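**Q** Supplied in structure tokens, the structure appears directly below.
The values are calculated or read from the model by the stated rules, or taken from the named source; none is laboratory data. Source: prediction; values computed, not measured. Note that we place each Cβ from the backbone using ideal geometry, even for glycine, and neighbour counts take in every protein chain shown. Accessible surface is based on the protein model in full, side chains and every heavy atom, while ligands, DNA and RNA are left aside. Shrake-Rupley method; radii C 1.70, N 1.55, O 1.52, S 1.80 Å.
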Amino acid sequence: SALKDSRFPPMTRDELPRLFCSVSLLTNFEDVCDYMDWEVGIHGIRIEFINEKGSKRTATYLPEVAKEQGWDHIQTIDSLLRKGGYKAPITNEFRKTIKLTRY
């Protein structure tokens, strides 16, 4: 990610003294029946969905992401859909088709 992730500019030598590293261990994965069945700031979430072209897509956020961004459940889900490449309008009916795993 530091050098070849198209979402970010490459790291520069000047940034090195200000960088830190952390590791997240993802455990206790639970499939849930309702895309709202998780807690902001407690659970990380992974979603699977079928995009507008019929392809299966996935996206995940670590537990701290929604809390740091100040997002509620819907804002987090919608952001994950966009992160996963979903480009069509997001409706409540579509959200109900998401397979969500919390961790």
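**Q** Do you know which residues across region 49-63 are closer than 19 Å to residue 36 by Cβ and either open to solvent by 40 Å² or more (accessible area, probe 1.4 Å) or among the β-branched types (Val, Ile, Thr) (or both)?
**A** Hits for region 49-63 are 58, 60, 62.
**Q** Is there a residue being modelled with pLDDT of 95 or more and either polar (S, T, N, Q) or touching a Pro at 6+ places or on another chain (Cβ under 9 Å) (or both) anywhere in region 4-19?
**A** No, region 4-19 has no match at all.
**Q** Out of (1) closer than 21 Å to residue 71 by Cα; (2) modelled with pLDDT of 95 or more, the odd one out for residue 24 is which?
**A** With (1) closer than 21 Å to residue 71 by Cα; (2) modelled with pLDDT of 95 or more applied to residue 24, the lone miss is (2).
**Q** A further question on this structure: Taking region 1-31, which residues are open to solvent by less than 100 Å² (accessible area, probe 1.4 Å), in contact (Cβ under 8 Å) with a residue 60 or more places away in the chain and not charged (D, E, K, R)?
**A** 26, 27
**Q** Something else now. List, please: which pairs have Cβ atoms under 6 Å, are six or more places apart or on different chains, and start with a residue in region 33-44 that is farther than 9 Å from residue 96 by Cα and touching a residue at least 40 places away in the same chain (Cβ under 8 Å) and end with one that is part of a loop (DSSP other than H, G, I, E, B) and open to solvent by less than 30 Å² (accessible area, probe 1.4 Å)?
**A** 44/103
**Q** Considering only region 51-64, I want to know if a residue exists there that is over 18 Å from residue 82 (Cβ atoms), touching a Pro at 6+ places or on another chain (Cβ under 9 Å) and touching a residue at least 12 places away in the same chain (Cβ under 8 Å).
**A** no
**Q** Where residues in region 73-103 are in contact (Cβ under 8 Å) with a residue 60 or more places away in the chain and among the charged types (D, E, K, R), which of them is nearest to residue 45 (Cα to Cα)?
**A** Taking the candidates together, the pick is 102.
**Q** Something else: When only residues in region 73-86 that are within 12 Å of residue 57 (Cα to Cα) and of a type outside the set (Gly, Ala, Ser) count, which is surrounded by the fewest Cβ atoms within 10 Å (Cβ to Cβ)?
**A** Result: 82.
**Q** Ok, one more. Tell me, please, whether a residue that is under 24 Å from residue 24 (Cα atoms), over 11 Å from the mean Cα position of the chain (by Cα) and among the acidic types (Asp, Glu) can be found in region 59-68.
**A** yes
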